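*Asks:* Can you keep this structure in mind? I'll have questions shortly.
The values are calculated or read from the model by the stated rules, or taken from the named source; none is laboratory data. The model shown is predicted, which means the values in this text are computed figures rather than measured ones. Glycine also receives a Cβ, built like all others from the backbone with ideal geometry; neighbour counts cover every protein chain displayed. Accessible surface is based on the protein model in full, side chains and every heavy atom, while ligands, DNA and RNA are left aside. Shrake-Rupley method; radii C 1.70, N 1.55, O 1.52, S 1.80 Å.
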Amino acid sequence: SRVTEFILLGLSDTRELQVLFFVLFFLAYAMVLLGNLLIIVTVRTNPKLSSPMYFFLCNLSFTDICCISVTCPRMLVDLLSQRKAIAFEACIAQLFFLHFAGASEMFLLTVMAYDRYTAICKPLHYTTIMSWRVCRGLVSVCWAGGFLHSIIQMLLTIQLPFCGPNTINNFFCDVPPVIRLACTDIYVTEWLMASNSGLMSLVCFLVLVTSYTFILVTVRVRFTEEHWKALSTCASHVMVVTIFFVPCIFIYLRPFSTFPSDKHICVIYTVLSPMLNPLIYTLRNNEVKVSMWKL
């Protein structure tokens, strides 16, 4: 490749808006770090929060920190810089770690939905099905699946020739805008990547929708207080799933023709979703709120 760096155009070229975005995203990044770290410390230090649901929540918080830390610090630096250049190697690394954390979070959200389905629809067998050995194994599979997904994305990207132009109309390096800068026909690569990222997002989303459908049917049949409490917990999970998956499906499932609004849609799953996770899970969960106050 003759391209040694890429130029990121960012969200806006207006100085006033760049300052405003810096303040907003700095506050969002700080909220994500503090909120998710507080969840992790609370779950790890309180013996009462030792169920599989909180174990998965703790892992989700760690994944959120990883996901936003791949893009947000670099974006904050670029918002205050005149020339927003990123080295070719750093761009590929950002692409790799973003998909590593993002895919792991998708699989983890799917596992959390299965955990809720088991707890509500098969309560008598829950402790047997969701043993600690199974829970740790599922989390390991989530991270391994994310690593495999990101390796495929990276290998498909670095084998392309890049000879110019080198301008990316986004605030971070991602597969769709990067591969469109390649100096070759990328039709096959586009569809391979769409099948990898887009199809994976769609399948995980359909599995989540199916599990919540079964949960809703079960709750409608059994009008017990515990089931309604579980449904309230699942409602917050559905909010996270919708905010996270819908933009990902829109960006990655279609062929990689870019629209000006794509970079603004990317903000939803790279910044907004990790920021809302600690708020949703703490404000709608009394056990976590009480534990945080005690901590």
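*Asks:* When ligands, DNA and RNA are left out and all protein chains stay put, how many square angstrom of accessible area per residue does the chain have with a 1.4 Å probe?
*Replies:* On a per-residue basis, the chain sits at 48 Å².
*Asks:* A further question follows. How compact and how long is the chain, expressed as Rg and Dmax of its alpha-carbon atoms in Å?
*Replies:* Here Rg and the maximum Cα pair distance are 20.3, 65 Å.
*Asks:* Hey, can you list the DSSP H helices of the chain whose Cα span along the axis is 18 Å or longer and whose average Kyte-Doolittle score is at least 1.0?
*Replies:* Working: long enough: 15-45 (44 Å, 1.76); 52-79 (40 Å, 1.15); 88-121 (49 Å, 1.03); 132-158 (39 Å, 1.18); 187-221 (49 Å, 1.40); 225-252 (40 Å, 1.03).
Helices meeting the criterion: 15-45, 52-79, 88-121, 132-158, 187-221, 225-252.
*Asks:* Quick one: pull the percent of accessible area on the chain belonging to carbon and sulfur, 1.4 Å probe, ligands and nucleic acids left out.
*Replies:* Of all accessible area on the chain, carbon and sulfur atoms account for 70 percent.
*Asks:* From the Cα gyration tensor of the stretch 1-98, with a ≥ b ≥ c the square roots of its eigenvalues, which class applies: rounded if a/c is under 1.5, or else prolate if a/b is larger than b/c, or else oblate? Walk me through the numbers on the way to the answer.
*Replies:* On the way: a/c = 4.62, a/b = 1.88, b/c = 2.46.
Oblate, since a/c reaches 1.5 and b/c is not below a/b.
*Asks:* Connecting C-alpha atoms closer than 10 Å in a GNM of the chain, tell me which of 163, 121, 266 has the biggest fluctuation.
*Replies:* Among 163, 121, 266, the largest mean-square fluctuation in the Gaussian network model of the chain belongs to 163.
*Asks:* GNM on the chain, C-alpha springs below 10 Å: top fluctuator among 282, 63, 110?
*Replies:* 282
*Asks:* May I ask you to order 128-135, 199-206 by the average number of other C-beta atoms within 10 Å around their residues, highest value first?
*Replies:* Per-residue Cβ counts within 10 Å, averaged per peptide and sorted highest first, yield 199-206, 128-135.
*Asks:* How much length is gained if the chain between residue 239 and residue 202 is pulled fully straight, taking 0.36 nm per residue apart and subtracting their Cα-Cα distance, in nm to one decimal?
*Replies:* Stretched out fully, the residue 239 to residue 202 stretch lengthens by 11.7 nm.
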